[in-house]
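S.K.: Have a look at this one before I ask anything.
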Amino acid sequence: MTATVSFILNGKPVTVASPADRMLVWVLRDELGLTGTKVGCEAGLCGACTVLVDFETALSCSTTLGDVAGKSVLTIEGLAHDGKLDPVQAAFQEHHAFQCGYCTSGMIMAAWAFLKKKPKATRSEIVEAMEGNLCRCGAHVRILDAVESAGKAVGGVR
Amino acid sequence: MRRRDFLQGAATGALTFFFATPVGSAPIVPTRPGTYSEDFNAYLKISADGRVGCFVGKTELGQGATTVLAMLVAEELELDPAQVDMVLGDTDLCPWDMPTGGSLTMWHTAPVLRGAAAEARAVLLRMASKALGAPVSGLTLKDGAIWVKENPARRTTFGELVKGRKLERHLGKVKPKPLSECTVIGRSFPRKDALAKITGAAKYAGDLRMPGTLHACILRPPSQGLTLASADTAGAERVPGVRIVRDGALLAVLHPQPDTARKALALVKGTFEGTEPDVDDVRIYQYLVDKAAPGQRVVISRGDVAAGEKRAATVVEGEYRNAYESHATLEPHTSVAKWEEGRMTVWASTQSPFVFRDAVAEALKLGQDKVRIIAQFVGGGFGGKLVGPGAIEAARIARQVPGVPIQVAWNREEDLFLDGYRPAAVVKLRSGLDAGRGAITFWDSTVAGVSQGEAELSYEMQANRYQAPAVPGLHPLKVGAWRAPNAHTNAFARESQLDALAAKAGVDPVTLRRRLITDARLLRLLDLAVETFDWDPAPGPTGRGIGLACGAWRQGLVVAVAQVAVDRTTGQVKTERFLEAVDVGLVVNPDGARQQVEGAITQGIGQALSEEIHFKGGRILDKNFDTYLLPRFSAIPRIQVVFADNATMVTQGIGEPPVVPVAAALANAVFDATGARVTHVPFTPKRILEALKLVPSK
Ligand code: FES
Ligand code: FES
């Protein structure tokens, strides 16, 4: 049943006509053309589809369109501003915290949400926060370095 | 358009350099006879606007090919790698190349590319010399401009030099810069794919959204070995917008929305026929041994094994096993195909654009010139995307829906079901040491499941025999090349067995290897590893949990040292520290090479500790990452990587070597921690607990 759902996407209001039980990841990728959010398992097991809903991490493969009605959704495409990278993105670039890049959007979003709450985290707290995100290429050490340095550099994110 | 026509077209108004593959660099991937030698390997294009384009038939899997290949071009042409535009993996634009695998890019393609760029430099300098009326020796080349050293105002640019000219040079004679003059090679450069990947802009095959795209979900049999016999599609056809395509045993449900196509597929009822294999993940090892037995033949034979056994004072017998393992790239296999004007174009997640092209052409009975593969960013390969069944599926469907882009994106269950696994294997080993200086008097391997690839290392052995079967269709499941195929199975057996011999003879594992190693390069690497780890080896088990293993992939050598903690109650192994000393000759991009080693160590940890395909008959029981267990952040140790200082040796590939000794180093570390010898990869908590039970109490 098609519903009309409005929410804030990367700071701008959008309205989508689509079934309310449709998973957000398909709405983002298909209806809204934002393909930076990836699909790796469709079962909440890999974190590739991580986005932020009201600044909390959400797995968009397991979050419905209806779930985000009236809320604010932030995806990887919404992080950079005025041609300037977000500090977390910049840290991932600096540390080469990726190889194939398929996990990267989800990693950055998960790290962003975590650092917002806890910029001065210990290494083991970062590990715990990132545990739900899989990286098959083995960029883990660099991802941890990037998250750590992003936290230190700015004392947190916006 | 055929490639030759294209090359002629491309040469107009640009300076094009062709270069053939160098003689003497024998490809390990068999090439079709008569095709490769007369073809070009890659080429450069300097456009009238001064941009330097580099076209190579490899793909970017995350291994950093885009960056390191651009560095080689930049080195010779005095550019920043950022000034080189890379075009990878488009079969219409790039000359034929072998797959992106086997660690071939740096070993095979790189020297050719450097040679091409060196010649481009020479030609440009000669042209500038004429244009500026100054001798070549008096010219300076930098950032796409050439000027007279004494008078920088007298200058020209690449763009001005090539404007309106058509010039082809076949390469041969020009030597690349000597290492002492290199300013790019040996330095770490920012990855060229960084910005696209951290902003979400990078396009993988599944991210393409061509207007009118239909997403195709394919009906799968419940078990391997079965194919579709009949199907009832009435339910699916009631879903608005659904379209069914059938081609033989291939049945696909098409819809503009991928999730709707998937839901509609669930409404299709199929019956299947065929025979599924009668074996499971427990019985597989005996199955392989029994099936292999009649076909066993000696493939390595040096010295007299029987006589060696008589001379042995210490004999160790071991049986080493490994399970089927999936590539499990985070991006499942994905392709988009479009049939238009008698040509099939496939945008694919691929390691082998040209293999995909030929396979699609064959499946559709088209000429190769009627198929174009365009590689996208690839979300991991590791050998899994060397072959393209998904691309063929997309093309077969697209052939029936002319003009419509058809996307086939396997979901995780399909990806785990349809993957060509790392083969399960059994390696039986008998070997012995003499009583004197601890020489290996005999080494006897009988193997089922893999071949002898990288079974030997430069260890002195008085007698050595390796028997493996030539049994076609040995494996009940589909197998394929998994990063350093055969090598990790053989290294796990060999390095575990050496450790067991050392323990039984009461020598430490490093001393034993120092005595046996005949190659000075490996010996130096062993010392480098032990020193960097700051480890004082002692006969095991010492309780410290430190283990070592050596491995090779062609000329690339690796020594791995692992430190683990074993929880004796749960059987959990925690990798605390992992070091690899690596010798791959001249390291072109140190940070890029380091990333490859870090990734390989991480994959090796997954291979050793948790990754296993569970199956019953033809049913693959692992459907997602809840049971197929990849290493997560908590499994990652402190990782150290050191490279041997060996800049005079030609660069070897870095993709495969570092994964080879990982499982063996971890098994040896488990032994050092507990006295338990784990012989079955992956050594899951259950297998660790079983091995612990076998340790004699003191
Ligand atoms: S795709 Fe959502 S968690 Fe894997
Ligand atoms: S970079 Fe490939 S999955 Fe993380």
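S.K.: Out of all the residues in region A:36-57, which are more than 9 Å from chain B (Cβ to nearest Cβ) and either closer than 18 Å to residue B:213 by Cβ or within 16 Å of ligand 2 (Cβ to nearest atom) (or both)?
M.R.: Within region A:36-57, A:47, A:49, A:50 qualify.
S.K.: When the residues of region B:18-61 are filtered to those that are aromatic (Phe, Trp, Tyr) and in a strand (DSSP E or B), which remaining residue is modelled with the lowest pLDDT? Talk me through it step by step, then tell me what you get.
M.R.: Taking region B:18-61 first, the residues aromatic (Phe, Trp, Tyr) are B:18-19, B:36, B:40, B:43, B:55.
Imposing the further condition that a residue be in a strand (DSSP E or B) reduces the set to B:18-19, B:40, B:43, B:55.
Numbers: B:18: 46, B:19: 43, B:40: 29, B:43: 66, B:55: 88.
Looking at residues that are aromatic (Phe, Trp, Tyr) and in a strand (DSSP E or B), I get B:40.
S.K.: Just one of the numbered conditions (1) crowded, with 18+ Cβ neighbours inside 10 Å; (2) under 30 Å from residue B:394 (Cβ atoms) is not true of residue B:320; which one?
M.R.: Among (1) crowded, with 18+ Cβ neighbours inside 10 Å; (2) under 30 Å from residue B:394 (Cβ atoms), residue B:320 violates only (2).
S.K.: On to the next question. So which of A:60, A:6, A:105 is at pLDDT 95 or above, surrounded by 22 or more Cβ atoms within 10 Å (Cβ to Cβ) and more than 16 Å from ligand 2 (Cβ to nearest atom)? Reasoning before the result, please.
M.R.: On the way: A:6 fails: surrounded by 22 or more Cβ atoms within 10 Å (Cβ to Cβ); A:105 fails: more than 16 Å from ligand 2 (Cβ to nearest atom).
Matching residue, one of A:60, A:6, A:105: A:60.
S.K.: Please return the ranges of strands (runs of 3 or more DSSP E) entirely within region A:1-99 where 3 or more residues are in contact with a Cys (Cβ under 7 Å, 6 or more places away or on another chain).
M.R.: Details: elements: A:2-9, A:12-19, A:50-53, A:56-59, A:72-74.
So the answer is none; nothing clears 3.
S.K.: Here's another thing I want to ask about it. Would you tally the residues in region B:195-224 being away from every other protein chain (no Cβ under 14 Å) and surrounded by 16 or more Cβ atoms within 10 Å (Cβ to Cβ)? Full working, then the answer.
M.R.: As a first pass, look at region B:195-224 and keep what is away from every other protein chain (no Cβ under 14 Å): B:216, B:218-224.
The next check asks that each one be surrounded by 16 or more Cβ atoms within 10 Å (Cβ to Cβ); those that pass are B:216, B:218-221, B:223-224.
Residues that pass the stated criteria total 7.
S.K.: Pairs only if they're at least six apart or on different chains, beta carbon under 9 angstrom, first in region A:14-35 and facing another protein chain (nearest Cβ under 7 Å) and farther than 11 Å from residue B:259 by Cα, second in a loop (DSSP other than H, G, I, E, B) and modelled with pLDDT under 95; list them, first residue then second.
M.R.: Once the first residue is facing another protein chain (nearest Cβ under 7 Å) and farther than 11 Å from residue B:259 by Cα and sits in region A:14-35, its partners that are in a loop (DSSP other than H, G, I, E, B) and modelled with pLDDT under 95 give A:33/B:209; A:35/B:209.
S.K.: With respect to residue B:449, is the statement that it is in the same structural domain as residue B:600 (by TED's automatic domain parsing), at pLDDT below 95 and under 29 Å from the mean Cα position of the chain (by Cα) true? First the steps, then the outcome.
M.R.: Values: in the same structural domain as residue B:600 (by TED's automatic domain parsing): yes; at pLDDT below 95: no; under 29 Å from the mean Cα position of the chain (by Cα): yes.
No, not satisfied.
S.K.: Would you call residue B:402 closer than 28 Å to residue A:41 by Cα and either touching a strand residue (DSSP E or B) at 6+ places or on another chain (Cβ under 6 Å) or more than 14 Å from chain A (Cβ to nearest Cβ) (or both)? It would help to see each step written out before you state the result.
M.R.: Numbers: closer than 28 Å to residue A:41 by Cα: no; either touching a strand residue (DSSP E or B) at 6+ places or on another chain (Cβ under 6 Å) or more than 14 Å from chain A (Cβ to nearest Cβ) (or both): yes.
No.
S.K.: Residues that are within 22 Å of residue B:210 (Cβ to Cβ) and within 22 Å of the chain's Cα centre (by Cα): which strands (runs of 3 or more DSSP E) entirely in region B:296-366 hold 2 or more of them? Explain how you work it out, then say what you get.
M.R.: On the way: elements: B:296-302, B:314-322, B:334-340, B:343-348.
By residue number, B:334-340, B:343-348.
S.K.: With respect to the numbered conditions (1) touching a Phe, Trp or Tyr at 6+ places or on another chain (Cβ under 7 Å); (2) within 22 Å of residue B:193 (Cα to Cα); (3) more than 16 Å from ligand 2 (Cβ to nearest atom); (4) of a type in the set (Phe, Trp, Tyr), which one is the sole condition not fulfilled by residue B:354?
M.R.: Checking residue B:354 against (1) touching a Phe, Trp or Tyr at 6+ places or on another chain (Cβ under 7 Å); (2) within 22 Å of residue B:193 (Cα to Cα); (3) more than 16 Å from ligand 2 (Cβ to nearest atom); (4) of a type in the set (Phe, Trp, Tyr), the one that fails is (2).
S.K.: Name the residues in region B:559-606 that are assigned to a loop (DSSP other than H, G, I, E, B) and farther than 26 Å from residue B:189 by Cα, would you? First the steps, then the outcome.
M.R.: Taking region B:559-606 and keeping what is assigned to a loop (DSSP other than H, G, I, E, B), we get B:567-572, B:584-589.
Selection gives B:567, B:568, B:569, B:570, B:571, B:572.
S.K.: Output the residues belonging to region A:118-141 that are under 15 Å from the mean Cα position of the chain (by Cα) and either closer than 20 Å to residue B:194 by Cβ or more than 8 Å from ligand 2 (Cβ to nearest atom) (or both).
M.R.: Filtering region A:118-141 down to residues under 15 Å from the mean Cα position of the chain (by Cα) leaves A:129-135.
Passing the criteria: A:129, A:130, A:131, A:132, A:133, A:135.
S.K.: Can you tell me which residues in region A:114-136 are of a type in the set (A, V, I, L, M, F, W, C), at the interface with chain B (Cβ under 10 Å from one of its Cβ atoms) and away from ligand 1 (no atom under 16 Å from the Cβ)? Reasoning before the result, please.
M.R.: Of region A:114-136, the ones of a type in the set (A, V, I, L, M, F, W, C) are A:114-115, A:121, A:126-127, A:129-130, A:134-135.
Going one step further and asking which of them are at the interface with chain B (Cβ under 10 Å from one of its Cβ atoms), we end up with A:126-127, A:129-130, A:134-135.
Listed by number, the residues that qualify are A:126, A:127.
One line per residue, one yes/no per condition, for (1) within 23 Å of residue B:530 (Cβ to Cβ); (2) assigned to a loop (DSSP other than H, G, I, E, B); (3) assigned by TED's automatic domain parsing to the domain that holds residue B:580:
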| site | (1), (2), (3) |
| --- | --- |
| B:642 | yes, no, yes |
| B:646 | yes, yes, yes |
| B:649 | yes, yes, yes |
| B:658 | yes, no, yes |
| B:666 | yes, no, yes |
| B:669 | yes, no, yes |
| B:672 | yes, no, yes |
| B:677 | yes, yes, yes |
| B:687 | no, no, yes |
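S.K.: Within region A:92-108, take every residue that is aromatic (Phe, Trp, Tyr) and away from ligand 1 (no atom under 15 Å from the Cβ) and give me the one that is nearest to residue B:632 (Cα to Cα). Give the derivation first.
M.R.: Initial filter on region A:92-108 (aromatic (Phe, Trp, Tyr)): A:92, A:98, A:102.
Pick out the ones that are also away from ligand 1 (no atom under 15 Å from the Cβ) and you get A:92, A:98.
Working: A:92: 18, A:98: 15 Å.
Filtering first and then ranking leaves A:98.
S.K.: Condition first: crowded, with 21+ Cβ neighbours inside 10 Å and within 14 Å of chain A (Cβ to nearest Cβ). Now tell me which residues in region B:225-256 satisfy that. Steps first, please.
M.R.: To start, the set of residues in region B:225-256 that are crowded, with 21+ Cβ neighbours inside 10 Å comprises B:236, B:242, B:251-255.
Matches in region B:225-256: B:255 only.
S.K.: Continuing with the same structure: Find all pairs meeting these conditions: Cβ atoms under 7 angstrom apart; at least six residues apart or on different chains; first residue within region A:46-72 and farther than 22 Å from residue A:17 by Cβ and not assigned by TED's automatic domain parsing to the domain that holds residue A:132; second residue away from ligand 1 (no atom under 15 Å from the Cβ) and in a loop (DSSP other than H, G, I, E, B).
M.R.: Matching pairs, first to second residue: A:54/A:71.
S.K.: Restricting to region B:614-640, and then to whatever is within 14 Å of chain A (Cβ to nearest Cβ) and assigned to a strand (DSSP E or B), can you tell me which residue is nearest to residue B:186 (Cα to Cα)?
M.R.: Taking region B:614-640 and keeping what is within 14 Å of chain A (Cβ to nearest Cβ), we get B:622-640.
So of that shortlist, the ones also assigned to a strand (DSSP E or B) come out as B:638-640.
Working: B:638: 25, B:639: 21, B:640: 19 Å.
That would be B:640.
S.K.: Is it fair to say residue A:74 is away from ligand 1 (no atom under 14 Å from the Cβ), within 12 Å of chain B (Cβ to nearest Cβ) and over 19 Å from residue B:206 (Cβ atoms)? Show your work before the answer.
M.R.: Working: away from ligand 1 (no atom under 14 Å from the Cβ): yes; within 12 Å of chain B (Cβ to nearest Cβ): yes; over 19 Å from residue B:206 (Cβ atoms): yes.
For residue A:74, the condition - away from ligand 1 (no atom under 14 Å from the Cβ), within 12 Å of chain B (Cβ to nearest Cβ) and over 19 Å from residue B:206 (Cβ atoms) - is met.
S.K.: So, one more: Scan region B:594-601 and give yes if some residue there is touching a Cys at 6+ places or on another chain (Cβ under 7 Å) and farther than 30 Å from residue B:283 by Cα, otherwise no.
M.R.: Within region B:594-601, the subset touching a Cys at 6+ places or on another chain (Cβ under 7 Å) is B:599.
Now narrow it down to the ones that are farther than 30 Å from residue B:283 by Cα: B:599.
Yes, because at least one residue in region B:594-601 is touching a Cys at 6+ places or on another chain (Cβ under 7 Å) and farther than 30 Å from residue B:283 by Cα.
S.K.: Among the residues of region A:63-91 satisfying the criterion of being away from ligand 2 (no atom under 16 Å from the Cβ) and small (Gly, Ala, Ser), which is surrounded by the fewest Cβ atoms within 10 Å (Cβ to Cβ)? First the steps, then the outcome.
M.R.: Start the filter on region A:63-91 by keeping residues that are away from ligand 2 (no atom under 16 Å from the Cβ), which leaves A:63-75, A:77-87, A:90.
Right, trim to small (Gly, Ala, Ser) and you get A:66, A:69-70, A:72, A:78, A:80, A:83, A:90.
Details: A:66: 14, A:69: 14, A:70: 9, A:72: 16, A:78: 21, A:80: 17, A:83: 5, A:90: 18.
Looking at residues that are away from ligand 2 (no atom under 16 Å from the Cβ) and small (Gly, Ala, Ser), I get A:83.
S.K.: Could you tell me which of the residues B:64, B:101 is modelled with pLDDT under 95 and either out of contact with any His (no Cβ under 9 Å at 6 or more places or on another chain) or among the aromatic types (Phe, Trp, Tyr) (or both)? Give the derivation first.
M.R.: Numbers: B:64 fails: either out of contact with any His (no Cβ under 9 Å at 6 or more places or on another chain) or among the aromatic types (Phe, Trp, Tyr) (or both).
Among B:64, B:101, only B:101 is modelled with pLDDT under 95 and either out of contact with any His (no Cβ under 9 Å at 6 or more places or on another chain) or among the aromatic types (Phe, Trp, Tyr) (or both).
S.K.: Another question about this same structure. Checking residue A:111 against (1) more than 9 Å from chain B (Cβ to nearest Cβ); (2) surrounded by fewer than 18 Cβ atoms within 10 Å (Cβ to Cβ); (3) within 16 Å of ligand 1 (Cβ to nearest atom), which test does it fail?
M.R.: For residue A:111, the failing item is (2).
The values are calculated or read from the model by the stated rules, or taken from the named source; none is laboratory data. Because the structure is predicted, anything quoted here is derived from the model rather than measured. In this analysis, Cβ positions are derived from the backbone assuming ideal geometry, glycine residues included, and neighbour counts consider all displayed protein chains.
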